[in-house]
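Enquirer: Got a structure for you, questions after.
Values in this text are rule-based calculations from the coordinates and carry no lab data. No experiment lies behind these values; they were computed from the predicted model shown. Don't worry about glycine lacking a Cβ; one is built from the backbone with ideal geometry, like all the others, and counts go over all protein chains shown.
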Amino acid sequence: MNVIVILADSLRYDHLGCNGNPWIQTPNLDAFAQEAIRFSRAYSEGLPTLPTRTAYWTGRFTLPFRGWQSPVPTDPLLAELLWGQGYTTALITDVYHLHWPGMSFNRGFDTVRFIRGQEYDRWISLPDEAVDITTYHRLNGIPEDDALWKPRFLQYMKNISVRQGEETYFAPQVVNTAIEWLEAQKQKDRLFLWVDIFDPHEPWDPPAPYDTMYDPGYTGQVLIDPVPGFVEGYMTPEEVRHTAALYAGEVSFVDKWVGKLLEAIKALDL
């Protein structure tokens, strides 16, 4: 038996057609849901990135008993348990929080592939003057907020400066790496693959046609990662609508690439 887990971070329940959404296109996840078991009343006790992964991999409560941290040495991790039963294990992800110095989320995995550059990952070093954050971002003018968010926005713009086409976006890189790993395995049984896709988490900057799919007539400022806080005085109603449309586009984009992974799994008869 093989165990393959596909996680899409920050994917809203109500943004999938299989859960009743009438306007966002998610044909691949909808089709998968038709042949799967759906949990309609499953709730996480620790929604932030790292507590969620810890809960998944340990089966233990995180918040409020522990915070934003690595698993502790005594935690029984799922990958370690399966590895001990003879499984070949792999983690493929662009969730940069998992590979911060001092983190131990790679425990139990024979293979770990980190796709670099997502969100504020300190990946590409360029002079600040080499990028323009005003293209896709807006500071709110509050000094303490600007001091926090400006370096983050600058880092993301540096990270995406090397993009060359859809397949260099993060979700496609994760999926293609996962497919390559599956294709390279000599045995077709006792595989444990955890595919952890950070999208559709912000920043919301899907490629064409997903960037205009749900708000095609928009001509204003594109804000892919608004500063958290009140929107009054910071974003216009049109900007709020467009940012929500960008998120919806990101959902459809992720659906496309999850569909490619599901197709590959079937083609490999796993």
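Enquirer: How far apart, in nm, are the 7 Å Cα→Cβ label points at Leu126 and Lys150?
Expert: If labels sit at Leu126 and Lys150, their model points lie 1.9 nm apart.
Enquirer: Tell me the label only: which of (1) 19; (2) 16; (3) 35 is percent of Cα pairs over 36 Å apart as calculated from this structure?
Expert: Only one option fits the structure, namely (2).
Enquirer: Using r as the Cβ-Cβ distance of Cys18 and Asp75, and R0 as 41 Å, what FRET efficiency do you calculate, to the nearest 0.05?
Expert: 0.80
Enquirer: Related question: Scan the chain and note any complete DSSP helix (H) whose C-alpha atoms cover at least 18 Å along its axis and whose Kyte-Doolittle average is -1.0 or more. Please report the intermediate quantities before stating the final value.
Expert: Numbers: long enough: 143-159 (24 Å, -1.24); 170-184 (21 Å, 0.51); 237-267 (45 Å, 0.05).
Qualifying helices: 170-184, 237-267.
Enquirer: How do Leu63, Leu193, Leu126 rank when sorted from fewest to most other Cβ atoms within 10 Å of their own Cβ? Before the final figure, lay out each step's value.
Expert: Numbers: Leu63 16, Leu193 24, Leu126 13.
The order, fewest Cβ neighbours first, is Leu126, Leu63, Leu193.
Enquirer: OK, next. Determine the distance separating the Cα centre of segment 96-142 from the Cα centre of segment 74-93; give it in Å without decimals.
Expert: 25
Enquirer: I've got another one for you. Find the relative contact order for segment 3-267 and round it to a whole percent, using C-alpha pairs within less than 8 Å whose residues are 6+ positions apart.
Expert: Relative contact order here is 25 percent.
Enquirer: Counting only residues 5 or more places away or on other chains, whose amide H sits under 5 Å from the amide H of Thr111 once H atoms are built in the peptide plane?
Expert: Thr89, Ala90, Leu91
Enquirer: Here's a follow-up. Where Rh is the Kirkwood radius over the Cα pairs of segment 1-159, the temperature 20 °C and the viscosity 1.002 mPa s, what D in µm²/s does Stokes-Einstein return?
Expert: 114
Enquirer: Another question about this same structure. Using amide H atoms built 1.01 Å from N in the peptide plane, name the residues 5+ places from Arg163, or on other chains, whose amide H lies under 5 Å from its own.
Expert: none
Enquirer: If you don't mind, another one. Treat each spin label as a single point 7 Å out from the Cα along the C-beta direction, and report the Ala184 to Val3 distance in nm.
Expert: Those two pseudo-labels are separated by 2.2 nm.
Enquirer: Cα to Cα, under 26 Å, and not fewer than 8 places away if on the same chain: which lysines meet these conditions relative to Lys266?
Expert: The reachable lysines, counting only those whose Cα sits under 26 Å from Lys266, are Lys186, Lys188, Lys256.
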